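One structure is given here, and the rest of the page talks about it.
Values quoted throughout were computed directly from the atomic coordinates according to the rules given, and no laboratory measurement underlies them. Small disclaimer: the values here were computed from a predicted structure and weren't measured. Ideal geometry is used to build each Cβ from the backbone, glycine not excepted, and the neighbour counts take in all protein chains shown.
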């Protein structure tokens, strides 16, 4: 069964430009415009304020060369059908051709919209990060995906995945029991909402000139390739 929210984002690509540090972020739809400010501010009402933090923080460790000219940010849910589709059909080619060659760096951010197991899986990945194995655990989660809300991301399975990639189980178990990474997941979800996201996966590509391109849904490899190459030509 495919969760309705995982379908919601649909297909679409939007580009915007940030001049200097930040400028207006136009989603080109009927929603209120998001505005970008140099630093987060407290506001009583109005549209969300989008800053560099919205994109770059509350996520995974960087995969790839930290100095790569392009940043790819993915908002995903480990239970999401289309996130899994992207992982198996597109991600490997992006990593091989752009990440491993130092052209693109990647950040994964949580948008846990499907169910409680989505949150548990996200938390487990961050616990694995405490031992330097976020991306190994991230890949293991998607390799064991069998659907949405059907129990594949149960506590027992999450523990077994930790065993499979060689984590210290006592440390991992204590991390899970203490829910120590709940704030980063909550904040990442808020970042997704501030960006107007309604489903997963969703991607933002930040080029060397700070141009931001939004990609909605599990688009094929050639969509990412075209944008990456265009940014690298500048």
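Give the separation of the Cα centroids, the range 106-163 to the range 180-218, in Å. One Cα centre to the other: 18 Å. Between residue 173 and residue 229, the simple spin-label model (points 7 angstrom out along Cα→Cβ) gives 5.2 nm. Prolate is the label for the range 164-234, because the ratio a/c of its alpha-carbon gyration tensor axes (a ≥ b ≥ c) is 1.5 or higher and a/b is greater than b/c. Taking only the alpha carbons of the range 75-129, we obtain Rg and Dmax values of 12.6, 37 Å in that order.
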